[in-house]
Structures are given as C-alpha cells and as structure tokens.
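See below for the structure under consideration.
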Amino acid sequence: MRFWDILKISLHNIFNNKLRTLLVTIVLFVLSTIIIIVTSAGVNIATVLNEVSDVSTHADVVLEYLPQYDKNDGGFYGCKDFKKDEIESFREKVSKELPFLQNVVLWSRDGLRLQDSNDWVNFKFIDTQQNLLAGRENYLIGGRLWNKSDSGKAYAWINDYCAEQNGFIVGETLNLSVTIPSSDGNYNNSTLKTKQVVIAGVVDYQEYTFGHSPFILLDYNYALSNEISINGISFEQSRISEPATMAQLNKVKSFQNKNNTYDEKKNPQGIYAYSQILEERKMIMLFNMIIVIIVLVVSVIIILLSIGCVSNSIQITVEQNSKFFGMMKAIGMRNNVVKSIVRVQAIISILLAVIFASCLTIGLFHLFNPLLAKVIAPLGITFTLSMPFYVPIVAFALLSIMVILFTIKSLNRISKMDVVSVISEVN
C-alpha cells in the first residue's frame, strides 16, 4: 500500500476518534513543552558560560609562594619571597617558552601598607619599561605614564578610584609601611620601615584588576631594592593581542605543570603555579557538564513519569482501532501496513503536540525575558531565553521513538491474531 493511502487511513481514524486523539495529543503536548523548555534553558545557560569564557581567553600563568602558618597556634607565620635573580630567571624562561605572555605583574602578599589610610589598598609591581595599557584610549587620567627611566625610582601610579577615595593628586607623596620579616622569614618578629613614593600619574587600570578597589602601582626594581617582599608573579598576555589559541593554552598548561613545586604536605614552601584562564575554562567545562547532566536527568525523570500515561493512551488507541484493523485484515491488508497506520497516526499527534509546544515556549520566553533581564542586570550578564531550532526536532524524535516502542507489544499481539479473533475481541 502506498504511503499516501496509509496517511489517508490514519487521518480518517484520527477524525473518527476525536476525543481519544485530543487526549493523547494533550499528554504529548505537556510532555513536549516541558522537554523543550528545560532543554532550551540548559542550552542558553551553556551558551552564556561559553561566551564568558570567550571574553577572557587571554592567557596567563601565575607563580606564587603561598602563606605559611605556625604549626602550634595556626597563626600567620610568613611567606617566602622571590629574589631578583629568581624573578629574572622566570622572566627569561617565560620569554622563551611562552613569548605571547608579554606583560609582567608582581605583588606582595603581606609586606606593604599605605599609612594614614583605613582603606585596603591593592599594591602591584610592574616593569616600568613596558606599557601594560598600550592600545587603550584615555587610560591616562592625570600626570604621566611610566617610562624606562623610572626603573628603580620611587614613583607610584594610582587608579582613579584610589585618587577619588583618598583625595590624592599627582605630585603628592605617599608614606608606605614596609613589613620586613626576620632572617628566617617569620613575620611575627618583623620590623616596620617607612618608604616614600611620589604619585606620578593617575590611570584607569580597571580592566586589569578590581574596578572599585584602591590600586597603587610601583616599579618592581624599586620594590626589590627597598626590602619590599614579592611573593607572586603573573605573566599576562597583552589585552590588545589576539586571544590565546588552544595550542598556546596547552603550552601554558605544560609550563604550569613543569614549574609547580608546591605540595601541601611534602613541600609547602614550593612555588604554586597555576593559570587563571585555565582554571576559568575548567570551571566553565564543569558547569556545562553539570547543566547537561541536569537536563538529561530532568528529561529522563519526565519521560519515566509520563511513560504510564502515554503508554496507556497509545495502547487504548490501538485497542479501540482493533475492529478496524480486523476488517482491514479481512480484505487482505498485511500486518506491516496495519502497524504503519498506527505509527503514522501517532507521529501526526506528536507533530501537532511539538508544534503547539514550540509556539507556547516561544511565547513564554518572550514574556519572561524582560523580567529576567531586570533580575540579572546587576550581575552584568546578558542572558536571553530562546529556543534553538534543533530542540523541537530532538523532542519530536525522542517522543516518536518512545511511542513506537509503546505500540510494539499491542501491535504484535493484534498481528498474530486471526481476523475473527480481532473483530470478536472488540465486540
């Protein structure tokens, strides 16, 4: 029998059993709607996470000494410092193995304070022979930028937030308290010294650190020559360069593994090497995996909970058509044609359910997107619910497979019965 003949018979059965067809379609519609909404939301969240990852794909590698704590009282004991020759050695190594990490930023964990200020201030040390802000417009707000002649000199550059909060101006002298630990690195037996630096410029440094924290930049050669401890080094890819390639990120990972000597138990004073971008990507991959698992679990739970209802509806539909199938068999219709009629009938119901479910999903997303935008606006994330075109196709395929499996038992039973038995069973 031709497909068009099977389709006509299927449509005839649908119109002759309007109530039963409507009930089956409603069940499939509810199931389709839930699957499409859950899957679309999961895809949207995964897309946002990937976009966040793409924004911050400039590579970096960080080397630092972690703080040590007294074994007796658990208090802060100290932190090992990088020496000048050690810093230069790593700079040379990175320039050879990771030449795309051009910027160097160093910091002190607990050795520097701004006197006469109650605000927490983030100190970083830079190589004043490099322009970390190259390629950005209007980054210099006041004064001048650093240059090669500033190496080793007592100049400071502050961000605009630090200037506003403390009323600092270019040319003003800042008093810094430098904590100098004892010869064995113990900060409990430390001494304090005062160092003075002059503000040479105010810069917009927000893209490179916390935007709303007081920030002071010093030359790292000046810091080393004035007993300021340096506990961490960050090698960063310039923000005006192209984002890191996968090959470059793999090189960063290899460098990180080779130079990490830290072990919490065996070598707590070793160098802890890590990459912020790799950690971010690892977290995003983890979140994506969790989202996929949640979507799959929710979908499976929905399907399992609906199996009874869908199976019962489909089987009742088959049973109600038993007399018709018996009559068709009596005039010579083959069993595989009978099965095809039932399955085409079911697929039509599924198609209608998925179409209505898709329309409802689009409408709900359009309704909730403005409200969602207001809720997540403080996070600075753009998130819009939308239905990917392939989600209804997946839902249709999933439901079709499920319904076909549900009809196998009933159809096989009917196909094995003779014509008289099929008709008499209904009567």
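The values are calculated or read from the model by the stated rules, or taken from the named source; none is laboratory data. From a predicted model like this one, the values you see are computed outputs, not experimental measurements. As a convention, Cβ positions derive from the backbone with ideal geometry for all residues, glycine included, and neighbour counts pool all protein chains shown. Calculation scope for accessible area: heavy atoms of the full protein, side chains included, ligands and nucleic acids excluded. Shrake-Rupley method; radii C 1.70, N 1.55, O 1.52, S 1.80 Å.
Points to keep in mind about this one:
- Placing R0 at 25 angstrom, the Cβ-Cβ distance between Ser117 and Asn260 gives a FRET efficiency of 0.10 after rounding to 0.05.
- Theoretical FRET efficiency, 1/(1+(r/R0)^6), r = Cβ-Cβ of Gln196 and Asn131, R0 25 Å, to 0.05: 0.50
- Derived scalar couplings ³J(HN,Hα) [the range 148-153; Karplus, 6.51 cos²θ - 1.76 cosθ + 1.60; whole Hz; x for Gly, Pro]: 4, 6, 7, 4, x, 9
- The slack between His12 and Met246, meaning 0.36 nm per residue of separation minus the straight C-alpha distance, is 78.4 nm.
- Computed FRET value (nearest 0.05) for Leu140 with Leu367, which takes r as the C-beta separation and R₀ as 60 Å: 0.80
- Nitroxide proxy distance, nm - points 7 Å out along Cα→Cβ at Val300 and Ser177: 5.8
- Summarising the label geometry, the points placed 7 Å from Cα in the beta-carbon direction at Met285 and Ile347 lie 4.0 nm from one another.
- Proximity of backbone amide H atoms, modeled 1.01 Å from N, is registered between Phe125 and Leu106, Trp107, Leu218 at under 5 Å, excluding neighbours fewer than 5 places apart on the same chain.
- Along the range 140-145 the Karplus relation, 6.51 cos²θ - 1.76 cosθ + 1.60 evaluated at θ = phi - 60°, assigns HN-Hα couplings of 8, 9, x, x, 9, 8 Hz to successive residues, with x for each Gly and Pro.
- Potential lengthening between Val30 and Ile401 on full extension [0.36 nm per residue; Cα-Cα distance subtracted]: 131.9 nm
- Where Asp116, Asp219, Asp160, Asp263 fall by accessible area, highest first, once all protein chains stay in place (1.4 Å): Asp116, Asp263, Asp160, Asp219
- The range 75-125-the range 9-39 distance, computed between alpha-carbon centres (Å): 66
- Scalar couplings 3J(HN,Hα) for the range 274-291, obtained by applying the Karplus form with A = 6.51, B = -1.76, C = 1.60 to θ = phi - 60°, are 7, 10, 5, 5, 5, 5, 5, 5, 5, 5, 5, 4, 5, 4, 4, 5, 4, 4 Hz; x denotes Gly and Pro.
- Amide H contacts of Val203 (H built 1.01 Å from N, under 5 Å, at least 5 apart or other chain): Ile141, Ile158, Asn159, Asp160
- Here's how it looks for Ile230: its modeled amide H is under 5 Å from those of Phe82, which are all 5 or more places away or on a different chain.
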